[in-house]
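Participant: Take a look at the following structure, please.
The values are calculated or read from the model by the stated rules, or taken from the named source; none is laboratory data. None of these values were measured; they are calculated from a predicted model. For neighbour counting, all protein chains shown are included, and Cβ atoms are generated from backbone atoms with ideal geometry for every residue, glycine included. What goes into the accessible areas is simple: the full protein's heavy atoms, side chains included, and nothing from ligands, DNA or RNA. Shrake-Rupley method; radii C 1.70, N 1.55, O 1.52, S 1.80 Å.
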Amino acid sequence: MFQRLGEEDSYRVASSRYPLAEVDPLRPTLPGGSGDAAGLARALEAALPLAVTPEAQLTTLERFGGFVAAVDAAGAEVGGVSWFDQARLRVALEACGDEVLVLRADVSGIQEFIYRAESSRALRSLRARSFYLELLAVHALRHLLRLCGVSRANVAYVGGGGFQLYLPGRFAAQVRAFAQSFDDWLWDAHQGGLGFSVASVIVSPAEARSGTGFQRDLSAELGRQKARRRAGRLSAVFGGVSSPALRQRQEESLSAALIEFGVCCPAHRTLRCGRPGRRMAAGG
């Protein structure tokens, strides 16, 4: 995406990059014409004063900087990395201070939860359950950002029911407490079917910037956490009498509730949801 286009053949470089575009793949617009860095800079300067919150400013930077190649200290392009990601990482690490808590989290039990859908409405149930899992991950992510007083600039990635964050190291105890409480809630709400696994390490800003060394350790630790998520809870898993018919009714009830929840998600400012005459406001 960020490589230069050839002028005479595939090995020659052009005098300007393409695309220097706003992030709107369905309707691309190139301020000042393709490859015009000065035009893009003017458009960015005009848009930034309209962004009145840090989140809005970050969105504006992403809109204009997501298609511009990053550069190193010598001014050479860094392949495969955008200027926005480069700037976002710098802002994130500055917000963390001298100690960076690199946290990787994952909602466990995803496959079992998704494919436990009833067969009569399998497609709708699969979609509803997948959406619900994404909401769980985003809820945990946003809570951790608020807890640590940082913005979404500190999100390394999110997707597939998991995410990685750069957080100030001084919040390590609060982060662990929330992770445990969220895992406990998932256990109670889903009879042990879902869990919240977390791996973390405290590194220096330079180590976090390099992105090497600790990433493999984080992956290994997260795998161990997911494998041990039922440790100490086996009595709850196997205790008492379990009825397959009761479990099936519970799963059918959950699927119906998630499907109804999906219908309630606002596509307009207000919409009907649940019983006739009941309304839900957007965001409610």
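Participant: Answer with yes or no whether Arg104 is of a type in the set (Lys, Arg) and more than 21 Å from Asp217 (Cα to Cα).
Facilitator: Answer is no for this residue.
Participant: Within the group Ala199, Ala172, which residue is in contact (Cβ under 8 Å) with a residue 12 or more places away in the chain, hydrophobic (A, V, I, L, M, F, W, C), within 26 Å of Gln86 (Cα to Cα) and part of a strand (DSSP E or B)?
Facilitator: Ala199
Participant: Open to solvent by less than 20 Å² (accessible area, probe 1.4 Å) and either β-branched (Val, Ile, Thr) or touching a Lys or Arg at 6+ places or on another chain (Cβ under 9 Å) (or both), is that true of Ser219?
Facilitator: For Ser219, the condition - open to solvent by less than 20 Å² (accessible area, probe 1.4 Å) and either β-branched (Val, Ile, Thr) or touching a Lys or Arg at 6+ places or on another chain (Cβ under 9 Å) (or both) - is not met.
Participant: Can you find a residue in the range 226-246 that is open to solvent by less than 50 Å² (accessible area, probe 1.4 Å), within 23 Å of the chain's Cα centre (by Cα) and at pLDDT 80 or above?
Facilitator: No, the conditions are met nowhere in the range 226-246.
Participant: On to the next question. Quick test for you: out of Ala47, Ala92, Ala43, pick the one residue that is of a type in the set (A, V, I, L, M, F, W, C), modelled with pLDDT of 80 or more, under 20 Å from Ala208 (Cβ atoms) and not in a loop (DSSP other than H, G, I, E, B).
Facilitator: Being of a type in the set (A, V, I, L, M, F, W, C), modelled with pLDDT of 80 or more, under 20 Å from Ala208 (Cβ atoms) and not in a loop (DSSP other than H, G, I, E, B) holds for just one of Ala47, Ala92, Ala43, which is Ala92.
Participant: Which residues, counting only those in the range 132-154, are open to solvent by 20 Å² or more (accessible area, probe 1.4 Å) and either under 11 Å from the mean Cα position of the chain (by Cα) or closer than 20 Å to Ile110 by Cβ (or both)?
Facilitator: Within the range 132-154, Tyr132, Glu134, Leu135, Val138, His139, Arg142, His143, Arg152 meet the criteria.
Participant: Of all residues being over 14 Å from Ala153 (Cβ atoms) and surrounded by 13 or more Cβ atoms within 10 Å (Cβ to Cβ) in the range 50-76, which is modelled with the lowest pLDDT? Just the residue, please.
Facilitator: It comes out as Phe67.
Participant: Residues in the range 191-210 that are open to solvent by less than 30 Å² (accessible area, probe 1.4 Å) and under 21 Å from the mean Cα position of the chain (by Cα): how many?
Facilitator: Here the count works out to 6.
Participant: Given the options Gly169, Gly80, Gly97, Gly161, name the one that is farther than 25 Å from Arg228 by Cβ and open to solvent by less than 50 Å² (accessible area, probe 1.4 Å).
Facilitator: The unique qualifying residue is Gly97.
Participant: Just for the range 181-190: of the residues that are within 21 Å of Val158 (Cβ to Cβ) and open to solvent by 40 Å² or more (accessible area, probe 1.4 Å), which one is modelled with the highest pLDDT?
Facilitator: Ser181
Participant: Using the structure shown, decide if Val107 is out of contact with any Asp or Glu (no Cβ under 7 Å at 6 or more places or on another chain), under 25 Å from Ser197 (Cβ atoms) and in a strand (DSSP E or B).
Facilitator: Yes, satisfied.
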